[in-house]
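Below: one structure, written as C-alpha cells.
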Amino acid sequence: MNRKNAILGYCVVISAALLLALNYHIFIVLNHFAPAGLNGIATMVQYKTGFSISYMSLLINVPLCTAAYFVMDKEFALKTLVFSLVYSFAYLFLQNTDTAYLQYNAGGHDTIYPVILSGVISGFVYGLCFRNNACTGGTDVVSRYINKIKPNSNFFVVTFGINVAVAVVSLFVYSEGSLNYKPVALCIAYCCISNFVGNHIIKGTRNAFKFTVITTHPDEIGEELTRVIRHGVTRLEGTGVYSKLDKAVLFCVINRHQLADFREIIEKYDNTFSFCESVNETYGNFKKIK
C-alpha cells in the first residue's frame, strides 16, 4: 500500500508539473504579466532577454532541491526536483513546438480572463503539490527550510515582499515608453486568485461542524443523534462551576447538510445548551453505523 501511495504521489506531481507548463504556455507568457514568486521573475527575464523560463527554473530549483535533500525531508526534495524537471522540459518542448493554436493571446484587451484562468490553474497545482509533500520550487523550498529551523517564524512577510517586488518590477518591464500600471494589477490579481484556490485545495473540501452539547439528557440525545443523523457521539462527564451540578458533555461532528436536523433534535430537550465550531477537514477511518 505504501509503495502504491508513493507511486500515486509521484504521478500526481508529474501531472501537476505538466499542467503548470501548459498554463504558462497557454495563458501567461503571451499576455505580458508576471505571475507570483521566482517564476514571475523568470517570466520577465524571458520577456526582456529571450532566456527561457525552463532554463531559469532549472538554474534555480536544481541547486535548491539538492540542498533540500541533505538538510530537509528527502521525499519532499525528490518530489520537488521531479516537478521542476518535468515542468522545465515540458515548457521547453511547448516553447519549441508549433503549438500557437493552443495559446490564448488577449492582445492587450480583456487580459483579466487569462489572469483568472491561469490563477485558478496555478492555485490548483500548488494545492496538489502541497497535499503530496512537494512544491513548485523557488520560494516554497526556502519557506519549508525556514519553517524547519524556525517553526514560529512567519514566512508570509518574505513571500509578500517577493510578490510586491515582482509586481513593482513588472511596472517597468512591460511598460512601452510610458508607465503602465495594468501589469501590476494583473500580477496582484493572479497572486490573490492562486493563493485562494491553493489554500482551498490544501485545506480540503471535507468541511464539517463540531457540536458541543451540555445536557441532563445525554442518553436520549445521544441515541437520537446516532439514529437520525447516523454519526457517533462522544460523552464526557462535567460539573457546572456556578450550579455545582453534574452534567454530561457530548461531542459530535456532522456534515453541513445535517445542521437543520441537529438543531431540531437539540431543541426538543430542556436543560440543554450547545455551541458549534467550524472544522476545516476531517481525518481518520470511521466505521459506518448500521
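Quick note: the coordinates plus some simple rules give every number you see, no bench work behind them. Remember, predicted model here, so these are calculated numbers, not experimental data. We place every Cβ from the backbone using ideal geometry, glycine too, and count neighbours over all the protein chains shown.
Summary table
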{"read-out": "Length released on extending from Tyr181 to Asp73, taking residue separation times 0.36 nm less the Cα-Cα span", "value": "34.8 nm"}
{"read-out": "Paired Rg and Dmax values of the chain, which use every Cα atom, in angstrom", "value": "25.2, 79"}
{"read-out": "Theoretical gain in end-to-end length, Phe51 to Ile7 [0.36 nm per residue, Cα-Cα removed]", "value": "12.5 nm"}
{"read-out": "The chain: angle of helix 74-95 to the longest principal axis, Cα-based, in degrees nearest 10", "value": "40 degrees"}
{"read-out": "Relative contact order (%) - the chain, alpha-carbon pairs under 8 angstrom, separation at least six", "value": "20 percent"}
{"read-out": "Rounded tilt (10° steps) of 53-71 against the dominant C-alpha axis of the chain", "value": "50 degrees"}
{"read-out": "Long-range amide H partners of Thr282 with built H, under 5 Å", "value": "Arg206"}
{"read-out": "Helix 2-23 axis, angle to the chain major axis (alpha carbon atoms, nearest 10°)", "value": "50 degrees"}
{"read-out": "Excluding exposed DSSP-loop GluC sites (Glu not before Pro) (at most 16 other C-beta within 10 Å), longest clean stretch of the chain", "value": "1-175"}
{"read-out": "Cβ-placed point charges (K, R +1; D, E -1), dipole of the chain about Cα centre in debye, nearest 20", "value": "660 debye"}
{"read-out": "Separation between Cα centres of the stretch 159-203 and the stretch 41-85, rounded to whole Å", "value": "20 Å"}
{"read-out": "³J(HN,Hα) computed for each position of the stretch 224-230 - Karplus, 6.51 cos²θ - 1.76 cosθ + 1.60, integer Hz, glycine/proline x", "value": "6, 4, 5, 6, 8, 8, 6"}
